[in-house]
Amino acid sequence: MFKLVTLLKRRPGMTVKAFREYYESHHRRIGEKYLSGYAERYVRRYVQPVAGMAPPDHDVVMEIWFRDEAAFHKTMQRLAEPAIAEEIVLDEEKLFDRSAMVSFSVLEVESELG
């Protein structure tokens, strides 16, 4: 599996509640529309502050799993098609601080704790 992780921050002036509601009721559906048949999983992990710790810089960790890196690249080509890219960007501008977006892949290594 190949996993893309993106850290996302809500746009300035948007409440946490409004951010989560819009993401789940609208933006995720755009993701589902274009990821279906290409990605294996699409997950949003909303960040919750922990008392006594510094507040997080981002509001959500978005993860997309692909069968392999080739499937990831094929999906990215599709998402770059002008009409699709325009739809995604226009909606992102309603939701995210796009200047704070950070994306990367991860190699997961898990410990067995018994």
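The values are calculated or read from the model by the stated rules, or taken from the named source; none is laboratory data. Remember, predicted model here, so these are calculated numbers, not experimental data. Positions of Cβ are generated from backbone atoms using ideal geometry, with glycine treated the same way; all protein chains shown enter the neighbour counts. The area values use the complete protein model at the heavy-atom level, side chains included, leaving out ligands, DNA and RNA. Shrake-Rupley method; radii C 1.70, N 1.55, O 1.52, S 1.80 Å.
Values computed for the structure shown
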{"quantity": "Any hit, segment 18-25, residues being in contact (Cβ under 8 Å) with a residue 40 or more places away in the chain, part of a loop (DSSP other than H, G, I, E, B), touching a Leu at 6+ places or on another chain (Cβ under 6 Å) and closer than 20 Å to GLU93 by Cα", "calculated": "no"}
{"quantity": "Hey, ARG78 open to solvent by 50 Å² or more (accessible area, probe 1.4 Å), of a type in the set (D, E, K, R) and farther than 12 Å from LEU95 by Cα or not", "calculated": "yes"}
{"quantity": "Residue satisfying all of: in segment 45-69; over 13 Å from the mean Cα position of the chain (by Cα) and open to solvent by less than 70 Å² (accessible area, probe 1.4 Å); nearest to LYS94 (Cα to Cα) among these", "calculated": "PRO56"}
{"quantity": "Subset of segment 73-111 [among the polar types (S, T, N, Q) and assigned to a strand (DSSP E or B)]", "calculated": "SER103, SER105"}
{"quantity": "Candidates TYR42, TYR34 - the one that is surrounded by 14 or more Cβ atoms within 10 Å (Cβ to Cβ), free of Cβ contacts under 8 Å to residues at least 40 places away in the same chain and among the hydroxyl-bearing types (Ser, Thr, Tyr)", "calculated": "TYR42"}
{"quantity": "Unique residue being more than 16 Å from the chain's Cα centre (by Cα) and among the polar types (S, T, N, Q) when the list is THR15, THR75, THR6", "calculated": "THR15"}
{"quantity": "Residues that are modelled with pLDDT of 95 or more, of a type in the set (A, V, I, L, M) and surrounded by fewer than 10 Cβ atoms within 10 Å (Cβ to Cβ), drawn from segment 81-114", "calculated": "ALA83, LEU113"}
{"quantity": "Filter pass, GLY13 being on the phi > 0 side of the Ramachandran plot and outside any strand (DSSP E or B)", "calculated": "yes"}
{"quantity": "Residues within segment 2-22 that are touching a helix residue (DSSP H, G or I) at 6+ places or on another chain (Cβ under 8 Å) and closer than 13 Å to ASP97 by Cα, tallied", "calculated": "7"}
